[in-house]
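Visitor: Please read through the structure below; I'll follow up with questions.
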Amino acid sequence: LLVSPAISAAADYPEHPISMIVPFAAGGPTDVVARSLANEMGKVLKQTVVVENKTGAGGTLAAGYVASSKPDGYTIFLHHTGMATAPALYSKLRYDPLKSFEYIGEVVDVPMTLMARSDLPPNTFKEFVDYAKANGDKINLANAGPGAVSQLCGSLLQQAMGVKFTTVPFQGTGPAMTALMGKQVDVLCDQTTQTLPHIAAGDLKFYGVTTPERLKQLPDAPTLDEQGLKGFDVKVWHGLYAAKGTSPEAIGKLNEALKVALKAPAFVDRMEKLGAQIVSEDRQTPESLQKWLQAEVAKWGPVLKAENISVN
Ligand code: MLT
């Protein structure tokens with residue numbers, strides 16, 4: 001019996017380790033989700049899924065790298081909301097988020113929190129607003145560059161508060177958090193996947209949650225909306241991608257592994273502890289991610305233009 005090489009390659013996939021590209025630094029929020037996910041997906045695929053951090057340009061370098069990688073199913077990409085904001089922020093991208101990728105499925109939604117160095121004078125968000133108005137650009141706001149959600153959140157926050165801080169970009173909020181802990185920067189808007197352990201330890205100041213609803217993990221912590229920033233609502237969504245042209249068989253196997261991983265008790269437990277919400281089953285599909293990304297690109301373009309948020 002003769003089997004065509006393409007069919008047998010699809011049947012045998014994956015035959016060697018898979019790289020999961022993360023667009024920000026190791027140890028940060030995206031990396032934390034990626035490492036748990038890679039571990040669980042690897043068990044289903046019976047191959048190691050190796051996390052590789054390719055940092056730079058707010059996640060767009062990694063996206064460009066994946067877009068031009070061989071579409072053989074051995075390079076996959078975990079990215080967040082930045083996939084949808086980058087086209088409005090960068091006039092030239094090496095890729096088109098709506099054309100250069102195959103979609104595997106959505107992964108988790110993660111709220112954000114506004115954090116400050118432990119010795120910044122304000123103790124509450126109300127005090128921070130007065131402090132920010134008095135100190136303006138003397139305040140250093142850390143972020144992970146244009147295309148990062150820390151940048152998006154920080155920009156929306158400055159707009160809503162009517163202030164302008166000095167921005168200090170890092171290769172991810174992992175290193176930005178190290179700088180905040182070291183008191184080299186003043187404030188950081190970051191995902192709970194990195195901040196919840198710090199909030200629990202009380203080693204930083206914590207001014208509020210960026211979603212309109214309080215977090216189950218922090219029932220006593222007020223939202224920014226409750227504290228005066230009416231309508232403030234930033235939540236980060238994550239999707240899993242491969243290069244355009246990856247075979248439907250490989251995408252099918254990757255999607256199956258994703259769905260199993262999203263139910264794995266160790267993954268569920270870890271995400272719960274970090275405030276990440278696993279997406280509902282109807283969102284764990286390639287079709288859903290594609291539709292969602294289209295809607296998000298359409299949503300953020302005008303918002304970022306209207307708010308004059310772009311790479312400068
Ligand atoms: C990271 O993983 O470092 C963050 O997701 C970066 C960001 O703020 O977008």
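Every number here is computed from the coordinates shown, using simple stated rules; none is lab data. For clarity, every value in this text was computed on a predicted model and none was experimentally measured. Neighbour counts run over all protein chains shown; Cβ positions are idealised from the backbone, glycine included.
Visitor: Quote the FRET efficiency, to the nearest 0.05, computed for Glu226 versus Asp269 with a Förster distance R0 of 51 Å and r equal to the Cβ-Cβ distance.
Guide: Values: r = 29 Å, r/R0 = 0.57.
In this case the efficiency is close to 0.95.
Visitor: Of all DSSP beta bridges located in the chain, what percent are antiparallel, nearest 5?
Guide: Values: 25 of 41 bridges.
Within the chain, antiparallel bridges account for around 60 percent of the total.
Visitor: Give me the distance in nm between label points sitting 7 Å out from Cα along the Cα-to-Cβ direction at Asp72 and Ala134, one decimal.
Guide: Result for the modelled spin labels: 6.2 nm.
Visitor: Let me ask something else about it. At a 10 angstrom cut-off on C-beta neighbours, averaged per residue, how do the peptides 271-279, 200-208 rank from highest to lowest? Don't jump to the answer; show the numbers that get you there.
Guide: Working: 271-279: 19.4, 200-208: 17.4.
Ranking, from highest mean packing down: 271-279, 200-208.
Visitor: Additional query: Describe numerically, in nm with one decimal, the distance between label points set 7 Å from Cα along Cα→Cβ at Val50 and at Ser91.
Guide: Distance between label points: 3.9 nm.
Visitor: Once the other residues with Cβ under 14 Å from the Cβ of Asn140 are scored (Lys, Arg +1; Asp, Glu -1), what is the net sum? Can you show the working numbers first?
Guide: Working: positive: Arg117, Lys138, Lys164, Lys183; negative: Asp119, Asp137, Asp186.
Around Asn140, the surrounding residues sum to +1.
Visitor: Continuing with the same structure: Using R₀ = 35 Å, calculate the FRET efficiency as 1/(1 + (r/R₀)^6) where r is the Cβ-Cβ separation of Gln217 and Ala306; round to 0.05.
Guide: On the way: r = 33 Å, r/R0 = 0.94.
Plugging the Cβ-Cβ distance into 1/(1 + (r/R0)^6) gives 0.60.
Visitor: So what is the calculated 222 nm ellipticity per residue for the chain, using -39500 (n - 2.57) for each DSSP H run with n of 4 or more, over all residues, to the nearest 500 deg cm²/dmol? Numbers along the way, then the final one.
Guide: Details: 11 runs with 128 residues, N = 312.
Counting only the DSSP helices, I get -12500 deg cm²/dmol.
Visitor: Between Lys43 and Glu287, what's the calculated FRET efficiency when r is the beta-carbon distance and R0 is 25 Å? Round to 0.05. Before the final figure, lay out the partial values.
Guide: Numbers: r = 25 Å, r/R0 = 1.01.
So the FRET efficiency works out to roughly 0.50.
Visitor: Once the piece of chain linking Ala200 and Ser118 is laid out straight, how much longer is it, given 0.36 nm per residue of separation minus the C-alpha distance between them? Mind dumping the intermediate values first?
Guide: Details: separation 82, 0.36 × 82 = 29.52 nm, distance 1.35 nm.
Here the answer is 28.2 nm.
Visitor: Mind checking the full-extension length gain between Ala11 and Lys183? Use 0.36 nm per residue of separation minus the Cα-Cα distance, one decimal, nm.
Guide: Values: separation 172, 0.36 × 172 = 61.92 nm, distance 5.31 nm.
Stretched fully, the Ala11-Lys183 segment lengthens by 56.6 nm.
Visitor: Rounded to whole Å, give me the distance from the Cα center of the range 31-93 to that of the range 244-312.
Guide: First find each Cα centre; the distance between them is then 11 Å.
Visitor: Give me the percent relative contact order of the chain, please, defined on Cα pairs under 8 angstrom at least 6 residues apart.
Guide: Details: 655 pairs, mean separation 88.6, N = 312.
Result for the chain is 28 percent.
Visitor: Among the listed pairs Lys46/Lys99; Lys259/Lys299; Lys253/Lys291; Lys54/Lys244; Lys92/Lys299; Lys183/Lys216, give every one whose C-alpha distance is greater than 25 Å. Can you show the working numbers first?
Guide: On the way: Lys46/Lys99 30 Å; Lys259/Lys299 27 Å; Lys253/Lys291 20 Å; Lys54/Lys244 19 Å; Lys92/Lys299 19 Å; Lys183/Lys216 29 Å.
Pairs exceeding the cut-off: Lys46/Lys99; Lys259/Lys299; Lys183/Lys216.
Visitor: Can you give the charge dipole size of the range 189-312 about its Cα centre, rounded to the nearest 20 debye, using +1 on the beta carbon of Lys and Arg and -1 on the beta carbon of Asp and Glu? Before the final figure, lay out each step's value.
Guide: Values: 15 positive and 16 negative charges, 43 e Å.
It comes to approximately 200 debye.
Visitor: Let me ask something else. Which ordering of Cys153, Cys189 is given by a fewest-first count of other beta-carbon atoms within 10 Å?
Guide: On the way: Cys153 26, Cys189 29.
In order of increasing Cβ crowding within 10 Å: Cys153, Cys189.
Visitor: Which of the aspartates and glutamates could be linked to Lys164 by a straight reach, that is with a Cα gap under 15 Å, when you skip same-chain ones fewer than 8 residues away?
Guide: Candidates past the 8-residue exclusion: Asp130, Asp137, Asp186, Glu307.
Visitor: Going by the alpha-carbon gyration tensor, a ≥ b ≥ c the square roots of its eigenvalues, is the range 1-96 rounded (a/c under 1.5) or, if a/c is not under 1.5, prolate (a/b greater than b/c) versus oblate? Walk me through the numbers on the way to the answer.
Guide: On the way: a/c = 3.23, a/b = 1.56, b/c = 2.07.
Verdict is oblate for the range 1-96.
Visitor: 7 Å from Cα along Cα→Cβ at both Gln159 and Leu61: what's the point-to-point distance in nm?
Guide: Going by the 7 Å Cα→Cβ label model, 2.8 nm.
Visitor: So for the chain, taking the charge dipole from beta-carbon charges (+1 Lys/Arg, -1 Asp/Glu), which of Val168, Leu229, Pro212 sits furthest toward the positive end?
Guide: Val168
Visitor: Springs between alpha-carbon pairs under 10 angstrom, Gaussian network model over the chain: which of Phe165, Phe24, Phe128 fluctuates most?
Guide: Of the options given, Phe128 has the highest mean-square fluctuation.
Visitor: Mean-square fluctuation check for the chain, GNM, Cα pairs under 10 Å: which of Val268, Val49, Val236 is largest?
Guide: Comparing Val268, Val49, Val236 in a Gaussian network model of the chain, the most mobile one is Val268.
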